[in-house]
1. Which one of TYR151, TYR84, TYR94 is more than 21 Å from LEU14 (Cα to Cα) and over 16 Å from the mean Cα position of the chain (by Cα)?
2. Hey, among the residues in region 29-60 that are in contact with a Lys or Arg (Cβ under 9 Å, 6 or more places away or on another chain) and over 21 Å from ARG145 (Cα atoms), which one's least open to solvent (accessible area, probe 1.4 Å)?
3. Of the residues GLY25, GLY76, GLY63, only one is farther than 21 Å from PHE163 by Cα and either among the β-branched types (Val, Ile, Thr) or open to solvent by less than 70 Å² (accessible area, probe 1.4 Å) (or both); which?
4. Taking the conditions exactly as written (more than 19 Å from ALA136 (Cα to Cα) and either in contact (Cβ under 8 Å) with a residue 12 or more places away in the chain or open to solvent by less than 80 Å² (accessible area, probe 1.4 Å) (or both)), does LYS12 satisfy them or not?
5. Scan region 102-121 residue by residue and report those that are within 26 Å of ASN138 (Cα to Cα) and not polar (S, T, N, Q).
6. Of the conditions (1) crowded, with 17+ Cβ neighbours inside 10 Å; (2) within 19 Å of the chain's Cα centre (by Cα), ARG111 fails just one. Which one is it?
7. Quick one: how many residues across region 127-165 are open to solvent by 90 Å² or more (accessible area, probe 1.4 Å) and closer than 17 Å to PHE22 by Cβ?
Amino acid sequence: MPKGRLPYKKNKKLEENDLLLFMAGLAEYPEKFWSKRRRLREIKKAFRESQVKGKAGIFIVGGIIIDEIIDISKVGWKNSIRRYPNIIYSPHYYRKNDYPVAVIGKGFLLRKPFKISTSKLKPTKNFIELIGKENAYNTARNNYRRTRIIYVKDIDTIIEQLFSY
């Protein structure tokens, strides 16, 4: 990922054993909706209908328990690939003069995405329980877009809640 995309806080950067979660805006569409090519106007209309029915929102879809963060500009592509051969599959490798930061760790996907907001961008009860009321409302105020470090209970409890949802 580009360097500026990693969350940080004054005197705190992501490090080993931290949990990095990935969010996505998702919506449920009628089963036959994608059976033919759609225009953007039709997709937007179907999305709005999904929102009205409460079938759209922001979800946690997966994450990584961090083992290491590698700054490619300091280590170099050659050394990074020697140490972690899968890095060669990064699209950044094929861009000239692109030196991102690679997050290495144990990744996971949630079979059932964890809903963290309603269609009106309010945090869900489950999200508040997961990271605390203040953190959930701060995340909502930033429209779930700003990447940030949040101090929460232990990682095992969070992962357990995500997978038992």
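1. Only one candidate passes the filter, namely TYR94.
2. Here the answer is ALA46.
3. Answer to the selection: GLY76.
4. yes
5. VAL103, GLY107, PHE108, LEU109, LEU110, LYS112, PRO113, PHE114, LYS115, ILE116, LYS120, LEU121, listed by residue number.
6. (1)
7. The qualifying residues number 3.
The values are calculated or read from the model by the stated rules, or taken from the named source; none is laboratory data. These numbers come from a predicted model, not from an experiment. So basically every Cβ, Gly included, is an ideal-geometry build from the backbone, and we count neighbours across all protein chains shown. Surface accessibility is based on the protein's heavy atoms, side chains included, excluding ligands, DNA and RNA. Shrake-Rupley method; radii C 1.70, N 1.55, O 1.52, S 1.80 Å.
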